[in-house]
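The values are calculated or read from the model by the stated rules, or taken from the named source; none is laboratory data. The structure presented is a predicted model; accordingly, all values stated were derived computationally and were not measured. With ideal geometry, Cβ positions are generated from the backbone for all residues, glycine too; neighbour counts draw on all protein chains shown. For accessibility, only protein heavy atoms count, side chains too; no ligands or nucleic acids. Shrake-Rupley method; radii C 1.70, N 1.55, O 1.52, S 1.80 Å.
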Amino acid sequence: MNTTDLRHVVQKAVETAKIVDVHTHLYPPCCDKLLLRGIDDLLTYHYLTVETLRYGEIGPEKFFALPKNLQADIIWDVLFERRSPVSESCRGILTTLNSYGLDPTSESLGSIRTFFAELSLDEHVDLVLEKSGVKSLVMTNNPFDEEEEPHWGPGFIKDERFRTALRIDDMLNSPQAALKKLEQRGYNVASDTGGLDYPAMKKFLSDCADRIKPVYLAASLPPDFDWSEGSAGYGILRDVVLSYCEESGLPIALMIGVKKLINPVMGLGGDGVGFSPVEAVAKLCLENPHVKFLVTMLARENQHELAVTARKFPNLMVFGCWWFLNNPSLVEEITRMRMELLGLSFIPQHSDARVLDQLIYKWKHSKGIIADVLFDKYEDLARTGWQVSAEDIARDVEMLFSGNAKEQIGIK
Ligand code: RAT
Ligand code: ZN
């Protein structure tokens, strides 16, 4: 294959690849209003609210007190009408609108709103999944979320495009409050000796799992999570969560490096990032060889050590360029480095979409970069005399966008 053909074949294979998106914040259509969608939800995504508030034209308290459509008007005005929308989150809006055939330079926000208002929920879901190439996606399902948990039941897991993940941050990061909630739900988690009753806590996990059939358990951890033997969070992680994972065969996904609410007034946009100890991940993988770990880290400075660690542990699957790393320059750097160290044994990206339509831009942008990196790697191979066929390329691309994920989380 000559260089032009190679580029074309790689681009086509990536463009048409079906995706298994291993981490999102979306919900199945049966949850109705919980599933965010359309232009006002796109504009008020927390990535964009903080960018707007940086310009200081309105204070956070006043801004967040406004109804969503007025917040969206302000964001549109500040970021798109009075400045060029050069940030990644802004570009994402434009890519998304463009894919619907909407031209925001000639159309008003009003007519864009009308376009979305005319889509039924089911039509909207089908359209986005088709446009983005997402075949199935994994949600974030928190048993302590009072809005979401009442939806749990057979209807919640009927649509196989929407897979569940049992999110247990509260049990690890604020064990006291979580334990209180478990007691209220009838789990006697305080043992007679004054310690914790781990079997009762495991029973809670297994009851949750029976209700939603998760493909993995998951937690986001701060950079200063206390990994020492005596800490409550670590004890629960090891003796409840990992023990349950080993018994059930479910993987654990750890998302490490978020400093929660460094500016509380910013709400979901108020979190920061910090450097975390990768040796803690290595220790977990070493001590729990039968547990599958899916790990993503938030700090750019953690990426190399994490990839090196994954070389040593077949039970460690690195995934995604998470949150503040999901920017083209960083996705490119990280993907290139991972491919050089890990070959094709990683999951290059997840969307983290909170709004349905974001699947379109998050995947379009990431796919473009992953295709470029892959093309460069095949070109390097060609220089050694190793030729890849179109079938080889299709096989590799399938692994990166769905195969590795399916294998990890055990879905077809
Ligand atoms: O990307 C995000 O929207 C973050 O706010 C978080 O949800 C993060 O991805 C998480 O899952 O904790
Ligand atoms: Zn997330």
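For the residues A405, A394, A371, the requirement of being small (G, A, S), within 22 Å of A165 (Cβ to Cβ) and in a helix (DSSP H, G or I) singles out A405. All but one of (1) within 16 Å of ligand 1 (Cβ to nearest atom); (2) open to solvent by 40 Å² or more (accessible area, probe 1.4 Å) hold for D169; state the number of the condition that does not hold. The failed condition is (2).
All of L26, L42, L48 fail the test of being within 16 Å of ligand 1 (Cβ to nearest atom), under 15 Å from K362 (Cα atoms) and assigned to a loop (DSSP other than H, G, I, E, B), apart from L26. Of the residues making up segment 383-407, just one is more than 28 Å from N2 (Cβ to Cβ), out of contact with any Lys or Arg (no Cβ under 6 Å at 6 or more places or on another chain) and polar (S, T, N, Q), namely N404. The set of residues in segment 128-166 being more than 22 Å from I409 (Cα to Cα) and not in a helix (DSSP H, G or I) consists of F144, D145, E146, E147, E148.
Selection within segment 320-376: residues that are under 12 Å from the mean Cα position of the chain (by Cα) and open to solvent by 40 Å² or more (accessible area, probe 1.4 Å). The member of this set that is farthest from ligand 1 (Cβ to nearest atom) is F324. How many of the residues making up segment 225-259 are closer than 24 Å to Q349 by Cβ and either within 16 Å of ligand 2 (Cβ to nearest atom) or touching a Gly at 6+ places or on another chain (Cβ under 7 Å) (or both)? Residues flagged as closer than 24 Å to Q349 by Cβ and either within 16 Å of ligand 2 (Cβ to nearest atom) or touching a Gly at 6+ places or on another chain (Cβ under 7 Å) (or both) within segment 225-259 amount to 8.
Got at least one residue in segment 96-115 being surrounded by 16 or more Cβ atoms within 10 Å (Cβ to Cβ), within 16 Å of ligand 2 (Cβ to nearest atom) and among the polar types (S, T, N, Q)? No: zero hits.
A quick yes/no check of all residues on (1) under 21 Å from the mean Cα position of the chain (by Cα); (2) within 16 Å of ligand 1 (Cβ to nearest atom); (3) surrounded by 15 or more Cβ atoms within 10 Å (Cβ to Cβ):
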{"residue": "S206", "(1), (2), (3)": "no, no, no"}
{"residue": "I212", "(1), (2), (3)": "yes, no, yes"}
{"residue": "S220", "(1), (2), (3)": "yes, yes, yes"}
{"residue": "D239", "(1), (2), (3)": "no, no, yes"}
{"residue": "C245", "(1), (2), (3)": "yes, no, yes"}
{"residue": "L254", "(1), (2), (3)": "yes, yes, yes"}
{"residue": "G269", "(1), (2), (3)": "yes, yes, yes"}
{"residue": "V273", "(1), (2), (3)": "yes, yes, yes"}
{"residue": "K283", "(1), (2), (3)": "no, no, no"}
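S329 falls short on exactly one of the conditions (1) in contact (Cβ under 8 Å) with a residue 12 or more places away in the chain; (2) out of contact with any helix residue (DSSP H, G or I) (no Cβ under 9 Å at 6 or more places or on another chain); (3) assigned to a helix (DSSP H, G or I), and that condition is (1). Contact map, segment 132-154: first residue open to solvent by 20 Å² or more (accessible area, probe 1.4 Å), second residue at pLDDT 95 or above and aromatic (F, W, Y), Cβ cut-off under 8 Å, separation 6 or more or different chains; pairs are H151/Y27. When restricted to residues that are surrounded by fewer than 11 Cβ atoms within 10 Å (Cβ to Cβ) and farther than 21 Å from G110 by Cα, segment 60-88 contains 4.
Restricting attention to segment 78-115, the residues that are assigned to a helix (DSSP H, G or I) and under 25 Å from E15 (Cβ atoms) add up to 13.
Within segment 312-325, residues that are without any contact (Cβ under 8 Å) to a residue 60 or more places away in the chain reach partners that are open to solvent by 10 Å² or more (accessible area, probe 1.4 Å) and within 16 Å of ligand 2 (Cβ to nearest atom) with beta carbons closer than 6 Å, at six or more positions or on different chains, in the pairs F324/V273. Being under 30 Å from I393 (Cα atoms) and open to solvent by 10 Å² or more (accessible area, probe 1.4 Å) is a property that holds for H8.
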